Amino acid sequence: MSLMMSIRRKPRDEVLSRYGRVREACRHGAESWRQNASVAADRIAPAAQRTRDVAADRIMDARSWSAPRIDSAARYVEGGLAPRVSSFLTDMAGRVEPPKPSHRGRNITLMMLAAMAAVGVAGAIMTKRSSMQSLMDDTTKSEHETPVRSEANSHVHTP
């Protein structure tokens, strides 16, 4: 048995009439849905309004009940809880903070360096003073001595 497809076309009038019937059915269905939705909305509208009013009343009741409690909680936090929490946190910060590093080793090193620099400066001053003193002594000695003239070559000699 072989399956064969029909390649015969349907008459155009028949296709258009089927399309027209489908379109008409859709139009009729949409109109029916609109009417039913309108009826449902009319029936539900009063119940929805009552529900809206009841919900608004309940929300106002909840707000009037909660407002004094929120105010009381705010006063408790501000006056009683906050100072205790602040004190606790300050105390914990003091416990957690690491100890200050000791600079004892660095201070000793700096003092030794300063002492060595002072000794170096003092040595340089004493060396300079000593050289100046020896220069002064040489100058003083040469002024007290009288020069002797050698007649052989006319040079001045000190005895």
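The values are calculated or read from the model by the stated rules, or taken from the named source; none is laboratory data. Bear in mind the structure is a predicted one, so any value in this text is a computation, not a measurement. Note: ideal-geometry Cβ built from the backbone for every residue, glycine included; neighbour counts use all protein chains shown.
Kindly indicate whether S87 is under 40 Å from the mean Cα position of the chain (by Cα) and surrounded by 10 or more Cβ atoms within 10 Å (Cβ to Cβ). Yes: the conditions hold for S87. Can you name the residue in region 11-33 that is basic (K, R) and surrounded by 10 or more Cβ atoms within 10 Å (Cβ to Cβ) and, of all such residues, is modelled with the lowest pLDDT? Among them, the one singled out is R18.
When V96, V156 are checked against the criterion of being modelled with pLDDT of 85 or more, surrounded by fewer than 10 Cβ atoms within 10 Å (Cβ to Cβ) and of a type in the set (A, V, I, L, M, F, W, C), a single residue qualifies: V96.
V77 falls short on exactly one of the conditions (1) surrounded by fewer than 10 Cβ atoms within 10 Å (Cβ to Cβ); (2) assigned to a helix (DSSP H, G or I), and that condition is (1).
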